[in-house]
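The values are calculated or read from the model by the stated rules, or taken from the named source; none is laboratory data. None of the values given here were measured: they were computed from a predicted structure. Because the Cβ atoms are built from the backbone with ideal geometry, glycine has one as well, and the counts that use them run over all protein chains shown. Protein only, heavy atoms only, side chains kept; ligands, DNA and RNA dropped before computing areas. Shrake-Rupley method; radii C 1.70, N 1.55, O 1.52, S 1.80 Å.
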Amino acid sequence: MTAAHKMERALVSRTIDGVIHYVNKDRQANLLHLIDVVEKIAGDMFSEKSYDGARNIVRDEDSKWMRYLYRLMDETDPHVLKMTALNLGFEAAYFGTKTIRENRRRYQCNIPWLILMDPTSACNMHCTGCWAAEYGHKLNLTYEELDRIITQGKELGIYFYMYTGGEPLMRKKDLIRLCEKHNDCAFHAFTNGTLIDDEFCSEMARVGNFSVSLSLEGYEEVNDSRRGSGSFSKAMEAMDLMKSHGLIFGTSICYTSKNVETVTSDEFLDMIIEKGCRYTWYFHYMPVGNDAAVELLPTRDQREYMYRRVREIRGSDGGKPIFAMDFQNDGEFVGGCIAGGRNYMHINANGDAEPCVFIHYSGANIREVSLLDALRQPLFMAYRDRQPFNENHLRPCPMLENPEILERMLKETGAVSTDLKSPESGEHLCGKCREYAENWAESADRLWRENGHHKEYYQNYKDVYKDSSAEKFH
Ligand code: SF4
């Protein structure tokens with residue numbers, strides 16, 4: 001860490017202390033002071049409009065999102081709150097983004113903002129249709145390998161690491177060691193929650209830089225039929241424990257033709273909010289793997305319902321006090337597909353560097369090449385050349401909504417299937433998406449025409465980072 005970096009971190013740290021420790025004394029003034037400090041450090045990295053927008057939100061103390069923020073501040077362990085603001089806010093969003101931009105220009109390739117890794121393919125459960133099962137149960141990234149990826153990542157400006165699997169908490173001791181060693185990074189795990197106990201909650205509160213999303217598919221009957229008897233109640237117990245320790249957590253929900261209405265209902269959302277969830281990720285079901293259940297793909301009407309419902313949940317007027325994100329319908333906020341290292345990449349438990357957790361193809365293994373060279377592999381460069389894959393960000397994916405593009409990229413780059421149990425050809429995978437893509441295109445194009453969308457993030461990084469005039473893109 002350079003001296004300037006240390007000084008900036010110390011200044012932000014002191015200001016955050018002011019917000020947290022004087023939480024009952026003029027917290028609005030302290031939050032406004034924090035925005036002033038961020039503006040002083042980050043300057044024109046963010047537009048003037050963004051700083052003013054943040055100030056206006058803070059001034060309206062009765063608004064939904066300020067009440068959400070105050071509740072978060074009141075109920076979260078102060079150390080967890082501070083580490084989250086410092087590592088996710090200062091390191092990842094500010095310092096990391098600045099470094100990543102320089103490196104994208106220097107290396108002329110995609111550099112992601114976050115890396116998703118599978119510490120293990122092992123899981124303590126055997127869920128129907130889980131992709132983890134495809135890799136078998138014997139693959140692991142060692143502590144040293146995970147440490148090496150993070151160390152190389154930080155040099156490139158990456159300060160946010162997520163884990164999936166397998167069940168990542170099968171390796172919880174190693175994950176806590178990594179939180180200790182890289183205490184300037186934010187870590188997050190997608191977990192079934194069954195291995196979260198009182199001791200682990202204390203460890204998460206002690207390090208302060210580890211949060212989780214619990215996987216749910218619905219209520220007890222649906223959840224247990226897929227994940228095994230007792231899994232729903234264990235997830236609920238895990239939430240109670242984490243809430244009592246003042247931790248930040250949410251849910252990860254795969255929506256399908258069978259559960260989309262249930263997992264977005266008022267009752268379901270009220271239940272997880274009451275349990276202490278601050279956010280919920282929604283992931284569209286993807287027909288990945290030779291034995292994927294294509295009938296679980298949401299229908300065109302269900303997807304349109306999802307598009308409208310998530311915006312309703314998030315709405316400032318009404319809605320729910322939980323931050324909902326839909327990985328497939330929120331492309332407009334991030335410029336479409338974020339994979340291939342554009343904003344994120346996936347490294348599986350065998351070390352294969354894949355563009356996305358749903359795209360099981362690669363031409364580079366992290367055990368054989370550096371992280372930078374994995375980012376420069378032909379498949380990632382093909383992503384970079386073609387992103388965004390569609391001008392309509394409601395059709396972002398080179399697989400689900402534009403299957404002909406992934407099929408072509410796989411052929412052109414020679415990337416091979418990373419599925420060790422049952423390798424699937426690009427033709428087979430993309431063939432399953434064709435009908436869905438054609439159906440959805442009609443609704444997506446209508447929605448895109450009818451509704452106002454964020455249009456400023458259209459540009460391809462390849463063009464953006466040729467010159468220095470486009471600093472606002474990340
Ligand atoms: S490859 Fe598809 S699923 Fe993955 S980030 Fe891109 S759009 Fe999303």
Using the Kirkwood formula on alpha carbons, the hydrodynamic radius of region 330-376 in angstrom works out to 11.0
Suppose we keep just the DSSP beta bridges with both residues in the chain; what percent of those would be antiparallel, to 5?
20
Rounded to whole Å², per residue accessible area for region 266-348 with a 1.4 Å probe reads 35
From the Cα trace of region 353-432, what convex hull volume per residue do you get, rounded to a whole Å³?
91
For region 1-117, build the charge dipole from Cβ charges (+1 Lys, Arg; -1 Asp, Glu) around the Cα centre, then report which of G43, I115, P78 sits farthest towards its positive end.
I115
Check: the chain dipole with +1 on Lys, Arg Cβ and -1 on Asp, Glu Cβ, in debye
1160
Which percent of Cα pairs goes in each bin when the distances of region 1-117 are cut into 5 angstrom slices starting at zero?
2, 10, 18, 22, 20, 14, 8, 4, 2, 0
What is the spread of the Cα atoms of region 253-410 along each of their three principal axes, largest first, in whole Å?
49, 31, 31
For the chain, what mean projected area does the convex hull of the alpha carbons give, in nm²?
20.4
Two-decimal Rg/Rh across region 162-205, once Rg and the Kirkwood Rh are taken from alpha-carbon atoms:
0.93
Semi-axes in Å, largest first, for region 242-346 (Cα gyration tensor, √(5λ)) are 23, 18, 15
In whole Å, how far is the Cα centre of region 68-127 from that of region 314-355?
13
Give K40/K82; K154/K320; K172/K243; K243/K421; K98/K243 a once-over and call out the pairs whose C-alpha atoms are over 28 Å from each other.
K154/K320; K243/K421; K98/K243
Can you list, bin by bin at 10 Å, the percent of alpha carbon pairs in region 290-346, starting at 0?
19, 37, 36, 8, 0
Placing +1 on each Lys and Arg Cβ and -1 on each Asp and Glu Cβ in the chain, then taking the dipole about the Cα centre, the residue among G315, T299, A10 whose Cα reaches farthest towards the positive end is A10
Go ahead and estimate [θ] at 222 nm for the chain from helices alone: -39,500 (n - 2.57) per DSSP H run with n ≥ 4, summed, over the residue count, rounded to 500.
-13500 deg cm²/dmol
List, largest first, the extents of the alpha carbons of region 190-267 along their principal axes, each in whole Å.
40, 23, 19
What's the long-distance tail for region 63-199, i.e. % of Cα pairs beyond 26 Å?
35
Convex hull over the Cα atoms of region 128-246, averaged projected area in nm²?
7.8
Hydrodynamic radius (Kirkwood) for region 26-85, which is based on Cα pairs only, to one decimal in Å:
12.5
Out of Q152, C185, I196, whose Cα points farthest toward the positive end of the dipole of region 137-209 (charges: +1 Lys, Arg; -1 Asp, Glu; placed on Cβ)?
Q152
For the chain, which whole percent of the accessible surface, found with a 1.4 angstrom probe, sits on carbon and sulfur atoms?
53
